[in-house]
Structure formats: structure tokens, C-alpha cells
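All remarks here apply to the structure that follows.
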Amino acid sequence: MQIELNGKPHAIADGSDLAQLIAALELTGKGVAVAVNRQVVPLQLWAGRVLVEADKVDVVRAIGGG
């Protein structure tokens, strides 16, 4: 199935959830924030948030600095 990831088409397996997507992107534990269709999804809900065709997912990684 096809979703939009950070503005670009991205193929994932049917029934994938946010936790699986983040793991596939090798971002688990890397301090990221995720929004689906412009709504932020808290980390504790990632495993239960199943993605569907054409969902728009934005992943933002926190970067320290000063």
C-alpha cells in the first residue's frame, strides 16, 4: 500500500502501524515526533495506529544545538 511520508510516496505492507514504520526507518528510540494527517500521535499510541492507503505521515527528528 502507498502512504505519503514527509511529502514523498512510500510503500508499506498492508496493516502496518506507526511503530512498524518507525522501526523500518531505523528511527526507534531516536527522538522523533510523528503526525498522521496533520495530527500528532503520541509515542504510546504508535503500535495501535494502523496506517491506511494515502495517509500522510510526517516524521520529525529532534536535533539538539544552540
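Pick from region 13-53 the residues that are in contact with an Asp or Glu (Cβ under 7 Å, 6 or more places away or on another chain) and part of a loop (DSSP other than H, G, I, E, B): which of them is surrounded by the fewest Cβ atoms within 10 Å (Cβ to Cβ)? Of everything passing the filter in region 13-53, 37 is surrounded by the fewest Cβ atoms within 10 Å (Cβ to Cβ).
Every condition in (1) assigned to a loop (DSSP other than H, G, I, E, B); (2) open to solvent by less than 70 Å² (accessible area, probe 1.4 Å) holds for residue 59 except the one numbered (1).
The values are calculated or read from the model by the stated rules, or taken from the named source; none is laboratory data. Just so it is clear, the structure is predicted and the values come from calculations on it, not from any experiment. Virtual Cβ from ideal backbone geometry, glycine too; neighbours counted across all protein chains shown. Remember, those area values only see protein heavy atoms, side chains included, never the ligands or the DNA or RNA. Shrake-Rupley method; radii C 1.70, N 1.55, O 1.52, S 1.80 Å.
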